[in-house]
Amino acid sequence: MNVLLKSAIIIDSSSPFHLQTKDLLIENGKITQIEDSLKNTKNYKEINIENLHISQGWFDSSVCFGEPGFEERETIENGLITAAKSGFTAVAVNPNTYPIVDNKSAIEFLKNKGANFATSLYPIGALTKGAKSDDIAELFDMQNSGAIAFGDYNKPINNANLLKIGLQYAQNFDGLILSFPQDNSIATSGLVNEEVNSTKLGLKGIPALAEELQIARDLFLLEYTGGKLHIPTISTKKSVKLIKEAKKKGLNVTCSVSAHHLALTDEELHHFDSNTKVLPPLRTLKDTKALIKGLNEGTIDMVTSDHNPIDIEHKKVEYESAKFGTIGLESLFGALNNIINLDVLIKALTSNPRTRFGIDNTSINIGKKANLTLFNPQHNYSFKEENILSTSKNSIFLNKLMNGKVYGVISNDKMVL
């Protein structure tokens, strides 16, 4: 693939061209020239679009595709095309399929099915067999087959000893363990955040305590065992505090936050829209402010869409019966660009998650492979159903104002615009 990018503003703090406006020549998938102005002497395809910004390719650390088993929700093919058009050159795919991805054959299926796309697919293997929290899955075999981490998506490890064993065992091959932050003995059958709004609306609540107790337990276990722990999609003010204190102690822990927990609060519940039923639940404004502060300060390492397609039969039903989850690839940038500093947001989508999950960072420089996201941070619009590229349409951001447009990606010697 050969292409000339014209007047691109480079957002990459690791690049010597950071915050500079340059022309970039890409030949056979590599950046061969970066200059103030380049002539298109070889008549390559030329990209000259409004307010073009480029960064390292974005990586989403928590994405769900239905395949295998739930193809009506999303196929791997359409999911990767959606990810590319949404600015992501790599995604970590959760194991919540049917069957659960808990062995090397399942990992190899995902890797083979996701090959030859602009967006690279990196599987997350289940931590326990069948994600049932009874026995540790085949972690070493899965890592050898391409798994980049291990966790039971949106399911806590109830047995503390099982997580302890997982953290100890994974150290033998430098494996990364994920632990979903919810104590189900506290959350029970809750639907939304337990607070004033849940009481007003008569919806059973999930206390912030359910998340914070689980995080405190997991951090104690990590301190005891050592190893590498990642806590996905935290949502409360105290969770940020707990992780900040753990990092000060020197524990090897990272965490992520979803776009909807940064941009929305439980005030969204008043319309009883089942698209607002997510896990963890939407919290209060004080939690949202603490999450933003934690991201800005570096306590929170990365941002995720927590993209989870749910078919209409399981979403457009009574609130209590609806499944948890929202899609989010298409809306992440537009939802966050107006509330998170651009440099902070780009780091939380590129170098921070890539480093943690062991994926190569590719700085924007001459001689490097072109792994780029193309976007315009100054484009305002309302997010409508026609903006949804996923097979499922369960977006929590429908009809919300967005600030920022993604043009596409250049990655794996392919261009998706």
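Using a probe of 1.4 Å on the protein chains alone, the accessible area found for Met415 is around 60 Å². When the P(r) of the stretch 1-90 is calculated, the portion above 22 Å amounts to 41% of the C-alpha pairs.
Scoring 53-60, 226-233 by mean Cβ neighbours within 10 Å over their residues and listing the highest first yields 53-60, 226-233. Note on the stretch 325-417: along the principal axes its Cα atoms extend 42, 28, 27 Å, ordered by decreasing extent. For Lys200, no lysines have a Cα falling under 16 Å of its own Cα, not counting residues fewer than eight places away in the same chain. Annotation: amide H-H contacts under 5 Å for Ile47 (H modelled 1.01 Å from N, sequence separation of 5 or more, or interchain): Leu4, Leu5, Lys6.
Are there trypsin sites (Lys or Arg not before Pro) in the stretch 30-66 that DSSP marks as loop and that have at most 13 other Cβ atoms within 10 Å, and which are they?
Lys39, Lys42
Note on surface exposure: Tyr224, Tyr407 rank Tyr224, Tyr407 by accessible area, highest first, 1.4 Å probe. When all protein chains stay in place and ligands, DNA and RNA are ignored, the 1.4 Å accessible-area order of Phe333, Phe324, largest first, is Phe324, Phe333. When the inverse distances between all different Cα atoms of the stretch 103-190 are averaged and flipped, the Kirkwood radius reads 13.7 angstrom. Taking amide H positions as modeled 1.01 Å from N, with prolines and chain starts lacking one, the residues under 5 Å from Leu282 and 5 or more places away or on another chain are Asn193. Rounded to whole numbers, the Karplus 3J(HN,Hα) couplings from phi for the stretch 293-299 are 4, x, 5, 5, 7, x, 5 Hz, using 6.51 cos²θ - 1.76 cosθ + 1.60 with θ = phi - 60°, and x at Gly and Pro. The residues of the stretch 133-231 expose on average 40 square angstrom of accessible surface per residue, using a 1.4 Å probe on protein heavy atoms.
When both bridge partners sit in the chain, DSSP labels roughly 45% of those beta bridges antiparallel. Amide H contacts for Met402 (H built 1.01 Å from N in the peptide plane; partners 5 or more residues away or on another chain; cut-off under 5 Å): Tyr381, Ser382, Phe383.
Residue pairs exceeding 20 angstrom between C-alpha atoms, taken from Lys241/Lys400; Lys132/Lys164; Lys104/Lys393; Lys289/Lys384; Lys22/Lys42; Lys237/Lys347: Lys241/Lys400; Lys104/Lys393; Lys289/Lys384; Lys237/Lys347. For q values of 0.15, 0.16, 0.21 Å⁻¹, compute log₁₀ I(q)/I(0) with the Debye formula on a Cα-only model of the stretch 64-212, without solvent. Scattering profile of the stretch 64-212, log10 relative to I(0): -0.83, -0.91, -1.17. Using the Karplus curve 6.51 cos²θ - 1.76 cosθ + 1.60 with θ = phi - 60°, what ³J(HN,Hα) values do you get for each residue of the stretch 148-163, in whole Hz, with x for Gly and Pro? Using θ = phi - 60°, the values come out as 9, 6, 9, x, 8, 4, 6, 10, x, 7, 5, 8, 4, 5, 5, 5 Hz.
Figure note: Thr326, Thr41 ranked by solvent-accessible area, largest first, 1.4 Å probe, ligands and nucleic acids not counted: Thr41, Thr326. The 3J(HN,Hα) values that the Karplus relation (6.51, -1.76, 1.60; θ = phi - 60°) gives for the stretch 251-261 are, in residue order, 5, 8, 10, 10, 8, 10, 9, 7, 4, 5, 6 Hz. Gly and Pro appear as x.
Normalised by the number of residues in the chain, the mean separation of alpha-carbon contacts (under 8 Å, six or more apart) gives a relative contact order of 19 percent.
In this structure Lys241 has an accessible area near 120 Å², from a 1.4 Å probe over the protein heavy atoms.
Surface composition of the chain: carbon and sulfur make up 47 percent of the accessible area, probe 1.4 Å. Computed with every protein chain present, the accessible area of Glu108 is close to 70 Å² [probe 1.4 Å].
So how do 262-269, 73-80 stack up, highest first, on mean other-Cβ count within 10 Å?
73-80, 262-269
The Cα center of the stretch 37-70 and the Cα center of the stretch 293-335 differ in position by 22 Å. Here, the chain has an Rg and a Dmax of 20.8, 67 Å when only alpha carbons are counted.
The values are calculated or read from the model by the stated rules, or taken from the named source; none is laboratory data. The shown structure was predicted, so the numbers you read here are calculated from the model rather than taken from an experiment. Ideal geometry is used to build each Cβ from the backbone, glycine not excepted, and the neighbour counts take in all protein chains shown. Note: accessible area is taken over every heavy atom of the protein model, side chains too, but ligands, DNA and RNA are not part of it. Shrake-Rupley method; radii C 1.70, N 1.55, O 1.52, S 1.80 Å.
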